[in-house]
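What follows is a set of notes on a single structure, which appears directly below.
Just so it is clear, none of the values below were taken in a lab; they were calculated from the coordinates. On a predicted model such as this, the values are computed, not experimentally measured, just so you know. Every residue, glycine among them, receives a Cβ derived from its backbone with ideal geometry; neighbour counts consider all protein chains shown.
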Amino acid sequence: MDVKSNQDLENIRDNLVRLTEARGSGKSTPESGPPSEPTEEVVRRMKRRRLANAGVPARFLGVDRMSIDPLVWKRCEPLLDGGPDGVFLCGPVGCGKTHLAVALLREVVQGSIRFLSVPELMLRLRESFRDGARSSEGDIIDACAGCDLLVLDDLGVEKPSEFAVQSLYLVVDRRYSEMRRTVITSNFTIGEIAERVGDRIASRIAGMCRVVELQGEDRRVR
Ligand SMILES: Nc1ncnc2c1ncn2[C@@H]1O[C@H](COP(=O)(O)OP(=O)(O)OP(=O)(O)O)[C@@H](O)[C@H]1O
Ligand SMILES: [Mg+2]
């Protein structure tokens, strides 16, 4: 089964869960009279499942926008207006970039969403060349390039090979050309990204993303 069909299956499962949960809340059975609003708990569970299906790691499934500094949220909000602008979140280790990216993803209730770290993307691409691989390189790139909102986490973490730069270019260029929203997180500034993966990728990121610099201590350290 290829990556695209996996995404299709996830979407179908997502819709089924929604229907079932809406029924559970009395929303859509003909016998139950006029539909009622799903409860907060049902909405919370639906959002959590949507994030999990998109590939968000367990640690971040519970995040929500109330935990984000309102000024930072305001800088990112154009992403949620449905326009083509994405966000490039940069800042030091542990300052909350992935947390914020997931909080934003959680607010997007329409369209297909996907969360993938760049090192994970590279691993999957390398695996696609093995004998008997389930997905081809093209399937993986199509799945990243084609979803409505993509979070690319941890750009620039590893010193990229020529192959990694080429693959990254394909994803970023397609998203830029097709005006699809992308959230990118990185420990590096766009200038530093240019040094690591080249001007062509950095220029497209700068063209399609609003830069939001986060500050603060490492939140993992207690
Ligand atoms: N606004 C917040 N409120 C509560 N917890 C937060 C907030 N931001 C981050 N955290 C928590 O702090 C930890 C570190 O955050 P996160 O992983 O998002 O950092 P990061 O900037 O992505 O780090 P890295 O550069 O290493 O990827 C996580 O457990 C996260 O859930
Ligand atoms: Mg992170």
Please order I141, I190 by the number of other Cβ within 10 Å, starting at the fewest. I190, I141
Arrange T189, T98, T182 by Cβ neighbour counts within 10 Å, fewest through most, would you? T189, T98, T182
Proxy reagent accessibility, fewest Cβ within 10 Å first, across V165, V221: V221, V165
